[in-house]
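The values are calculated or read from the model by the stated rules, or taken from the named source; none is laboratory data. This structure is a prediction, so every number in the text was calculated from the model and none was measured. All Cβ positions, even for glycine, are placed from backbone atoms using ideal geometry, and neighbour counts span all protein chains on display. Accessible surface is based on the protein model in full, side chains and every heavy atom, while ligands, DNA and RNA are left aside. Shrake-Rupley method; radii C 1.70, N 1.55, O 1.52, S 1.80 Å.
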Amino acid sequence: MNAKTAARRLDIDWLRIILILCVFFFHSNRFFNGEDWHVINSTSGRFSSILISSMYPWMMPTIMILSAASIVYSLGSRGAGRFVVDKVKRLLIPLLFGIFALAFPQVYLERFSHGAFAGSLFQFFPSFFDGMYGFGGNFAWMGLHLWYLLVLFIYTLVFLPLFLALRTKIGAALVRGFAWLFSKPGMIYLLVILPTITIEMVSEDSIFGLTGFGGISLASYAVYFTLGFLIFSDERLQRTIIRQRWVSLILCIFLYVMRGRVALGIHIPWGQAFEDVVPLESGFAWTAILTILGMGMRYLKDDTRFLRYANEAVLPFYMLHQTVLILIGYFVVQQPWSILVKWLVITPLSLATILLVYEFAVRRANVLRFLFGMKPLRRERVVDTAMQPAVEAR
C-alpha cells in the first residue's frame, strides 16, 4: 500500500459505497410502497413500505455525516480557494448536467404516467421549463434525486468559514472540549437532542423545515453535517463510537421496535416517553447512525481493487441510478406480474444497466468524467483504461 492510499480513510470509502447501494435499493422499492412517486405500481407491498420507513431516518443523514468527514481530510491538503473550486467541479457541474440529462426524462415519465402530459419526450421538452418542480411546475431545479448535490454544495460553502475557524488554535481547543465531554460513557447518545430540537422547533412551513429531501428537514441535515465534522475532527469521539458500537446496536433495535409499536397504535405501558414519536424517531436514527459508523470504523479497513474501482464510481452511480430505475420501472410496472417478480426484474436489470453505462461510457471518456464529477484520465491512461478494471481513485 502506498503512502497516498494509506492516508485515506478506507472505512469512509467503504461506508460511502455501501450507503449509496442502500439508496439504490431504497429507490427500487419506491415503486411499491404505496406513496406517490415519479412512477408507481398499481398495488403496494407491505415489505416495501416497511423497508422505506426503516431506512429513511438514518440513510441520508449518515451520508451527510460522511460528506462532512471527507471535508475534514480534504481541507487539510489544500487551501480554501482550491477546495471551493474542487467542490464546483465535484458537485455543481454534475448537478447542472444532471438537471437536463437525468432529471428531465424522470419528470417526463412522471407527467406521462400520471396523465398530466400525453405527447412524446421531445414534445415535452418546452414544457420542462414551465414553472418550478415541487411548486406546481416541471423544471427540476434541484435535479430530483440530485438534491443531495445541491444541499451539500450549499452547506459546504455556508459552513466552510466555521470549519476553517474550528481548525485554528482556539477552534481546535473548542473541538477538544466538545470531544472530551461527549467521549464520556453514554454522553454520545445525548447528541440526539440536537436533531430532535430541529424537528420540534423548526416549522415545516419554512424552507428549513421542508422534509421533501429524503424525508429529513434541511435544518436536521445541517445538524448532522456539523456533527460529522466534529466527530471526524477528534479521534476520541471516533474511539468512543467504536467502543460503544454494540450498545448502539442494542439501543437501535430497541428503539426500532418501540417505533413500530407507536406506528401501529399499540400502547406502551412503560411510560409516556416512548409514545412521543419525534424523540423516538430521532433516537432510532441517531443510534442507527452510531452503529453504522462504529461498525465501519472497526471492521471496514481492507484496501481492495473493488474498493478503488467502486470508490471512483460512486458519484456517477448515484447520479445514474434513479433515472435508470424509473426508465426500466416504467415499463415493468405495467406488466401483470406480482410485486416480487417486478422488483426482481427492475433491480438487477437497473443495476446491470448502470454498471454498463458507467464502465463503457462514463469511465472511458474525459468529457463524461468531467460532467459526472470525476477527475480526468491522464492522456497516457486513456488507451489503457479498457484493460484496467480498477483505475485507482485519486
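What is the magnitude of the charge dipole of segment 69-228 about its Cα centre, with +1 placed on the Cβ of each Lys and Arg, -1 on the Cβ of each Asp and Glu, and no other charges, expressed in debye to the nearest 20?
Values: 10 positive and 6 negative charges, 193 e Å.
With only Lys, Arg, Asp and Glu charged at Cβ, the dipole is about 920 debye.
Can you compute 3J(HN,Hα) from phi for each residue in segment 334-341, using the Karplus curve 6.51 cos²θ - 1.76 cosθ + 1.60 with θ = phi - 60°, rounded to whole Hz and x for Gly and Pro?
7, 7, x, 10, 6, 4, 4, 5
Between Glu204 and Thr353, what FRET efficiency comes out of the Förster formula 1/(1 + (r/R0)^6) with R0 = 41 Å and r the beta carbon distance, rounded to 0.05?
Computed FRET efficiency for Thr353 and Glu204 comes out at 0.65.
Please build a GNM for the chain, connecting alpha carbons under 10 Å apart, and tell me which residue among Gln244, Gln322, Gln106 fluctuates the most.
Its mean-square fluctuation being the largest, the pick is Gln244.
If you wrap a convex hull around the alpha carbons of segment 271-366, what volume per residue comes out, as a whole number of Å³? Each step should come with its number before you reach the end.
Numbers: hull volume 18.0 nm³, N = 96.
Convex hull volume per residue, Cα atoms: 187 Å³.
Give me the percent of accessible area attributable to carbon and sulfur for the chain, probe 1.4 angstrom.
Working: 12880 of 18750 Å².
Whole-percent figure for carbon plus sulfur exposure: 69.
Specify the residue with the greatest mean-square fluctuation among Phe232, Phe163, Phe117, computed from a Gaussian network of the chain linking alpha-carbon atoms under 10 Å apart.
Phe117
Determine the per residue accessible area of the chain with all protein chains present and a 1.4 angstrom probe, expressed in square angstrom. Could you put the intermediate results ahead of the total?
Details: 18750 Å² over 394 residues.
Heavy-atom SASA per residue in the chain reads 48 Å².
Label Val278 and Arg167 with points 7 Å out from Cα along Cα→Cβ: what is the distance between them in nm?
According to this spin-label approximation, the distance is 3.6 nm.
If I stretch the segment between Leu174 and Trp246 completely, what's the gain in nm (0.36 nm per residue apart, minus their alpha carbon distance), one decimal? Don't skip to the end; give the middle numbers.
Details: separation 72, 0.36 × 72 = 25.92 nm, distance 2.85 nm.
Gain in length upon complete extension: 23.1 nm.
Determine, from the Cβ-Cβ distance of Arg364 and Ile197 and an R0 of 35 Å, the FRET efficiency 1/(1 + (r/R0)^6), rounded to the nearest 0.05. It would help to have the intermediate numbers written out before the result.
Details: r = 48 Å, r/R0 = 1.37.
My answer for the efficiency is 0.15.
Read through the labelled values (1) -1.24, -1.29; (2) -1.44, -1.61; (3) -1.31, -1.53 and report the label of the one computed as log10 I(q)/I(0) by the Debye sum over Cα atoms at q = 0.14, 0.15 Å⁻¹ from the structure.
Matching the structure shown: (2).
Test of understanding: what is the full-extension gain from Met132 to Leu344, defined as 0.36 nm times their sequence separation minus their Cα-Cα distance? Display every interim value, and only then the final one.
Numbers: separation 212, 0.36 × 212 = 76.32 nm, distance 3.42 nm.
Between Met132 and Leu344, full extension yields 72.9 nm more.
With the convex hull built on the Cα atoms of segment 104-263, state its orientation-averaged projected area in nm². Before the final figure, lay out the partial values.
On the way: hull surface 51.6 nm².
Approximately 12.9 nm², given one-decimal rounding.
Sketch the reach of a paramagnetic label on Glu235 as a point 7 Å from Cα along Cα-to-Cβ, and name the residues of segment 62-76 whose backbone nitrogen lies under 15 Å away.
No residue qualifies, since no backbone N sits under 15 Å from the label point.
What are the residues whose amide H is under 5 Å from the amide H of Met132, where those residues sit 5 or more places off or on another chain and H is modelled from the backbone?
Hits under the 5 Å cutoff: Gly137, Asn138, Phe139.
Please give the contour-minus-distance gain from Thr304 to Lys184: 0.36 nm per residue of separation, less the Cα-Cα distance, rounded to one decimal in nm. If you can, show how the numbers build up before the last one.
On the way: separation 120, 0.36 × 120 = 43.20 nm, distance 3.48 nm.
Between Thr304 and Lys184, full extension yields 39.7 nm more.
Could you tell me the distance between the Cα centroids of segment 141-182 and segment 33-80, to the nearest Å?
One Cα centre to the other: 19 Å.
Which of Met142, Met258, Met132 moves most in a GNM of the chain, Cα contacts under 10 Å?
It is Met132.
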